[in-house]
Amino acid sequence: MFNHLSSMSLKCAIELSIADIIHSHGRAITLSELMRLLVHSGCFNKTKVNGQEEAYGLTASSTLLIKENPTVCHQLLHWFKGTELTLWGTVHGIKFWEFLNQNPGINQRFNEAMASDSEIMTSFVVKAECKQIFEGLGSLVDVGGGNGSFSRIISEAFPGIKCTVLDLPHVVANLPETDNLKYIADAFLFKLVFHGLGDEDGLKILKKRREAIASNGERGKVIIIDIVINAREEEHD
Ligand SMILES: C[S@@+](CC[C@H](N)C(=O)[O-])C[C@H]1O[C@@H](n2cnc3c(N)ncnc32)[C@H](O)[C@@H]1O
């Protein structure tokens, strides 16, 4: 709920030139409560001077904020003050997925990286304690499923499930189809999709999925695997 404090305090740090102040001071310097928040998000680090006084130093992240790196500073401020959803969109003036569409080599490497992630996640999701989520399903749509690596693994582990992968045309173009393609779904899988969408788009998608699975009785499921904020521990999110 209070995660916006991290980005707002980062905005303050940039506007107050805190990274520059520490940089020109040449060593750690005492500062306020704002700095505690920025230490929590890993932007600065905390140390002691003269054995007792609290002081703050630069980390690799805040080194990027000093005015010797004007591009990073400028783009971050532009992003904080603008209406564009992502830093990527602010810097490049184009959505990330559209950028991949225009750069086939990078698109291929991105999809291969996501496929590697699927391989790693398989042991947790398909083979271990989450296995029962998939048992008994007849069909599944993998929305934003990339090149289908995760669905391929599911279809091999659960031969009874007909998997359908839905993604952008440039991602699924020329991928070999198999005979287990089907257009009715018991379950919709969203792996690492929602964190990249705004609340409005995410809710719109979920409402549509609810309508689609409501007609399918108790077999209907929406399965979401995504990044969550670590709210309990004093660790970086
Ligand atoms: C972070 S990747 C996750 C890929 C896959 N689910 C995984 O975890 O390996 C997000 C995927 O969403 C897809 N995507 C983005 N916008 C989309 C849209 N409007 N319709 C369908 N897929 C979309 C992208 O092409 C990309 O493959």
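The values are calculated or read from the model by the stated rules, or taken from the named source; none is laboratory data. All figures in this text were calculated on a predicted structure; none of them were measured in a lab. Backbone-built Cβ (ideal geometry, glycine too); neighbour counts: all protein chains shown. Remember, those area values only see protein heavy atoms, side chains included, never the ligands or the DNA or RNA. Shrake-Rupley method; radii C 1.70, N 1.55, O 1.52, S 1.80 Å.
Values for this structure:
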{"read-out": "Rg ratio (alpha-carbon, reference 2.2 N^0.38 Å) - the stretch 4-92", "value": "1.12"}
{"read-out": "Protein-only accessible surface order, largest first, of 225, 161 at 1.4 Å", "value": "225, 161"}
{"read-out": "Accessible heavy-atom area order of 95, 11, highest first, probe of 1.4 Å", "value": "95, 11"}
{"read-out": "The stretch 48-98 - percent relative contact order, Cα under 8 Å, separation 6 or more", "value": "17"}
{"read-out": "Radius 14 Å from Cβ of residue 85, net charge of other residues (Lys, Arg +1; Asp, Glu -1)", "value": "-3"}
{"read-out": "Peptides ranked, highest mean first, by Cβ atoms within 10 Å: ranges 74-84, 187-197", "value": "187-197, 74-84"}
{"read-out": "Exposure of residue 209 as accessible area (Å², to 10), given a probe of 1.4 Å and all protein chains", "value": "60"}
{"read-out": "Largest to smallest accessible area among 35, 121, 8, 114 [probe 1.4 Å]", "value": "8, 114, 121, 35"}
{"read-out": "Fraction of accessible area attributable to carbon and sulfur, the stretch 4-92 (%, probe 1.4 Å)", "value": "59"}
